[in-house]
Every structure is written in C-alpha cells, then in structure tokens.
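A short write-up of the structure that comes next.
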Amino acid sequence: MHVAKPIGRNAPAIKYDILSALTVHALSGDKHRQRSILRIIALITTRYNWRNNELSIGREEIARLWSVNERTVKREMAKLRTMGWIAVKRPAARGRVAVYELDLKQLMIDTSEVWPTIGSDFLARMTDEPEAETNVVPFTAKPSPPDVADGDVWTQVQAILHGRDPELWASWFRHLTEADRAGGRVTLLAPSRFMADYIAQKWTGRLLAAYSRIEPDVRSIRVEATE
C-alpha cells in the first residue's frame, strides 16, 4: 500500500482521501468507534499540520474541542497511541504543550476494509504502488518474513508487524528479541541503546497493538538494550 505525503500539488486530494477513509470506517462501526474517530477527525481538521506531521495541542484544549473532561482525553489519547495511529513527537514541558504525530500509513491500513465501499477509484489509488525513481542499485537481499509455523507468540507478533509494514519491520522490529513476558508486561531486547530508545519512543504503540491480537493480557511494553 502506498500513502503519499499530503503536501505539494496533490495535497488536497490526498487529505480528502484520508478523511474519507476515516469517516466511512467510523460509519461502518458502532457508536463507540464513531465517537472515537469523530474525535480524531476534529483534531486533524482543527489543529493538525499536514506538512510537518505535527499536532500541537494541550489536553485542556482537546477537552474543550471534544466537550469532555481531561480524564476522558487522557484515556482516548492512550487508546489512539495503542492503536498506533498517534505518537508523542515531543512531550509537554513547562510552558509548552505536547506535540503529537500521526502514522497515516497505519491509519489507512486499519481502514482498508472499507475502501471498496468508497469506490473502485479509491481502491485503485490506495493499492497501486508507483515505481520508485532512483539511481541506486540495491545490493542486499531483503530479509525473509517470520515463519509462524511453530506458533510462538513472539513469532506471531513479528509476523503481524511484518504484514503491516515490511520496510519498518526490516529496519527495526526484526532486530528485537523477546526477553520476558509475564504479568501483562513484555520486555524486549534491542542490539543497541540507540535502537532501544528510538523504538521505545516511536513504536511502543504499534508493538502493543500487535501483541494485543495474540495476547490480550499484555498491557505494557519495555524495550531494553543488550549492550
């Protein structure tokens, strides 16, 4: 699946497609899904910077936009992070609100079931992969996807991560190993401190979402370095 960046000449059409997918996905679900997606649409249309992929807004302002209290905002934002749709780009600091970023590719993957409902033209736009323009000749083979034949939980999680984004999996997730899983908490090991810190900051929500499909009892992820 290809999701073009919503910038440049075709930006309005790309934004329209993303909001269309969200809206139809909401209408295909129950009232809880509809309310959650309506809330994220409100954030996108009022505060989201498409060019920089930044949503700069405080919890108090979100509560005002959603007509709810801050406790509801905290719970809803945590849910969106677990889904992998939103992540903290820069945490809140004294005198400065938090800055979030959206994972538009994950968002579109999770709405893909309604693409045929929107129309064949929409489905074609979302599934046609353009040829990459590059002068670089690849010289390394792509890593093989995880083999789930043994039914191991971590292998199944790896397979889910690979299925959602093979490039992201090859760059980051395939290097992880599961060290411990108990009491609703998983500890993963990365080969370097940089990788551990980066994955912990950027991709914990996606890891948790993948685990929840295999082990619903898993509620938190910790990434440590083997160094």
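Just so it is clear, none of the values below were taken in a lab; they were calculated from the coordinates. As the structure is a prediction and not an experimental result, all values here were calculated from the model. Here the Cβ positions follow ideal geometry from the backbone for every residue, glycine too, while neighbour counts run over all protein chains shown.
Brief remarks on what is shown
- Label point at Asn10 placed 7 Å out along Cα→Cβ; residues across segment 34-55 whose backbone nitrogen lies under 17 Å: 51
- Using R0 = 35 Å, the C-beta based FRET efficiency linking Asp152 and Arg75 works out to 0.60.
- Among the GluC sites (Glu not before Pro) found in segment 32-132, those both in a DSSP coil and sparsely packed, with 13 or fewer other Cβ atoms within 10 Å of their Cβ, are Glu131.
- Kirkwood hydrodynamic radius of segment 7-129, from inverse mean 1/r over distinct Cα pairs, in Å: 15.3
- Local net charge near Leu65, Cβ-Cβ under 9 Å (Lys/Arg +1, Asp/Glu -1): +2
- Segment Ala92-Asp30, length gained on full extension (0.36 nm per residue, minus Cα span): 19.0 nm
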